[in-house]
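Report on the following structure.
The values are calculated or read from the model by the stated rules, or taken from the named source; none is laboratory data. Note that the structure is a prediction, hence the values are computed from the model and not measured. Every residue, glycine among them, receives a Cβ derived from its backbone with ideal geometry; neighbour counts consider all protein chains shown. Heads up: the accessible areas ignore ligands, DNA and RNA and are worked out on the full protein's heavy atoms, side chains in. Shrake-Rupley method; radii C 1.70, N 1.55, O 1.52, S 1.80 Å.
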Amino acid sequence: MIRKLLIANRGEIAIRIMRACREMGIATIAVYSEADKEAFFVKYADESFCIGPPPARESYLNIEKVIEVAMKCGAEAIHPGYGFLAESSKFAQACEDADIKFVGPSSRVIELLGDKIRARSEMKKAGVPVVPGTEECVVDPDQARIVAETIGYPLIIKPSGGGGGIGMTIVAHEGELASAVKSSQAIATNTFGICDVYIEKYLSNPRHIEFQILGDSRGNAIHLGERECSIQRRHQKLIEESPSPVVTSEMREEMGAIAAKAARSLGYEGAGTIEFLFFDGKFYFLEVNARVQVEHPVTEMVTAVDIVKEQIRIASGLPLSIKQEEVRINGWAMECRINAEDPLNDFEPSSGRLEVYHPPSGFGVRVDDGVYAHCPIPPYYDPMISKLIVWGSERDEIVRRMQRALDEYVIVGIQTNIPFHKAMMNNLRFLKGEIDTNFIDKETTLLKEIKGILEQSKSREEKLRRLFGNWNRKRIAAIVGATAVTKMAIRE
Ligand code: MV4
């Protein structure tokens, strides 16, 4: 087993990984930027090293610096978390060259999966259903026209070098095709340094459903069921759940087996996700995420498998601790991503210092966070500060539990998207599980509901100000939070 692990990440995922290490008796090393001096993960680690200025390029993405710290400290392995260097084949290669175990698949597999055209054809070869489209790079509008004739409109042009929606262009008819190819190629070149694009049939209003896979160094691979991740905005997921309200146990068994087989055929080592679009009752492969994902806890809650511990076991050369036949889906879990964002200002990131921080707890509630009362929230990184995960026996129960937990959550000092989640937990279509990737754009009443929720808490604040006059602002905010938690009325 690995004895010393460096965590090349920050925030809640750094804490999540270090918690697994504590339970496994593994020493932890944190690396951090100058903006994170006061961060919780820096304090939690056994050893911490500052590796550079706030911009990620100069710290969290600095491969040489991260490897240098690992060598100096005698770290046997590096866990990259998600984002930053997690899917950098160059970083995985640098670890391999330095004889440090990268917690994840080999640089070869990361490189293959990062090339979306190659990933598509590998998956097709492995028997995974893919979206109808091209197997090769589309070089110019003439070639695109030939492809379009066979698959039909609407279609979507995607950069091969990226993911996450950047540079994707939806084309409704032939008139838009030439300029769409050119614009996707331009964005692809600028953002990924690779001009290659490919074409797929555009599926309208699909669901985003992904399968969790685990593969070990001995050629075993299993799946842990699916996650429904359709609630997203600007390619950022906001709510995830497992199981999906539309996946039957027969479908899960069939698609899971296909996902695990694909992992075996790739020689996939570590935790990963196979993403699908679910459309018209069928699954279509999108891409593979070669990392642990933000939303992994919902799978952990329904399977009782500690995915991060499995990653570390796999990296240590040990076999998976469970067999496919032993995997059971028990109950239902849901996650709300808590972001430092202002719902009234188009969800712009909100940085500053937390004044009051009181996370929810109780039966079936899990909070994976990276903050504490009075800690700073720097503006340089992803605005997600915490994940609120609930578990229960069925979907109706966990929605009620999520409402209760969101009501208990008190954050003062920065704006958060908690009012958005409260509005969602009262949305009739969401409650019925009728969701797809365009849900938020289509639900035109959401913003009004969010404003109503914010008005309620503001009126409490105003009442208190009238009661106490020009009193300590922080204390008033804290009392507002406390009265919200207890559902206590403020009497004048
Ligand atoms: C699609 C699609 C429809 N049809 N592919 C967006 C993120 C990336 N992981 C894949 N994405 C999509 N791929 C096919 N064949 C719809 C999306 C999609 C989307 C695309 C462009 C702009 C906004 C979007 C929002 C949700 C899903």
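One Cα centroid belongs to the range 96-119, the other to the range 124-183; the line between them spans 26 Å. Of the residues THR28, LEU454, MET384, the one whose Cα sits farthest toward the positive end of the charge dipole of the chain, with +1 on the Cβ of Lys and Arg and -1 on the Cβ of Asp and Glu, is LEU454. Taking one equal scatterer on every alpha-carbon of the range 97-161, how large is log10 of I(q)/I(0) by Debye at q = 0.16, 0.24, 0.29 1/Å? Computed log10 I(q)/I(0) values: -0.65, -1.10, -1.31. Of the solvent-accessible surface of the range 77-138, computed with a 1.4 Å probe and all protein chains present, 48% belongs to carbon and sulfur. When the chain is described by a simple charge dipole with +1 on each Lys and Arg Cβ and -1 on each Asp and Glu Cβ, the residue from GLY164, THR486, GLY175 located farthest towards its positive end is THR486. Which one, GLY133, ILE151, SER249, projects farthest toward the positive side of the charge dipole computed for the chain from Cβ point charges (K/R +1, D/E -1)? My answer, from the dipole projection, is SER249.
For ALA478, what is the net charge nearby, where nearby means another residue's Cβ is under 13 Å from its Cβ and Lys, Arg count +1, Asp, Glu -1? Before the final figure, lay out the partial values.
Working: positive: ARG460, ARG473, LYS474, ARG475; negative: GLU355, GLU461.
Neighbourhood net charge equals +2.
For the range 14-27, putting each phi into the Karplus relation 6.51 cos²θ - 1.76 cosθ + 1.60 with θ = phi - 60° gives couplings of 4, 4, 4, 5, 5, 5, 4, 4, 4, 5, 9, x, 9, 6 Hz, in residue order, rounded to whole numbers and with x for Gly and Pro.
Charges at C-beta only: +1 for Lys and Arg, -1 for Asp and Glu. How large is the resulting dipole of the range 60-110 about its Cα centre, in Debye rounded to 20?
100 debye
Of interest is the spacing of the C-alpha centroids, which for the range 1-19 and the range 198-271 amounts to 25 Å.
Counting only the backbone N, which residues of the range 52-84 are under 14 Å from the spot 7 Å out from the Cα of ARG22 toward its beta-carbon? No residues fall inside that zone.
According to the Kirkwood relation over distinct C-alpha pairs, the hydrodynamic radius of the chain is 23.8 Å. Net charge dipole, the chain: roughly 1440 debye, given to the nearest 20, about the Cα centre with Cβ charges of +1 for Lys and Arg and -1 for Asp and Glu.
Averaging over every viewing direction, what projected area does the convex hull of the Cα atoms of the range 301-413 cover, in nm²?
Working: hull surface 37.3 nm².
Result: a mean projected hull area of 9.3 nm².
Kirkwood Rh and Cα-based Rg: tell me the resulting Rg over Rh for the range 113-269, rounded to two decimals. Across the range 113-269, the Cα-based Rg/Rh ratio is 0.99.
Suppose we flag chymotrypsin sites (Phe, Trp or Tyr not before Pro) only when DSSP calls them loop and at most 13 other Cβ atoms lie within 10 Å. Which is the longest uninterrupted stretch of the chain? No qualifying site falls inside 1-362, the longest such stretch.
When the Cα centres of the range 303-367 and the range 411-447 are compared, how far apart do they sit, in Å? The range 303-367 and the range 411-447 have Cα centres spaced 19 Å from each other.
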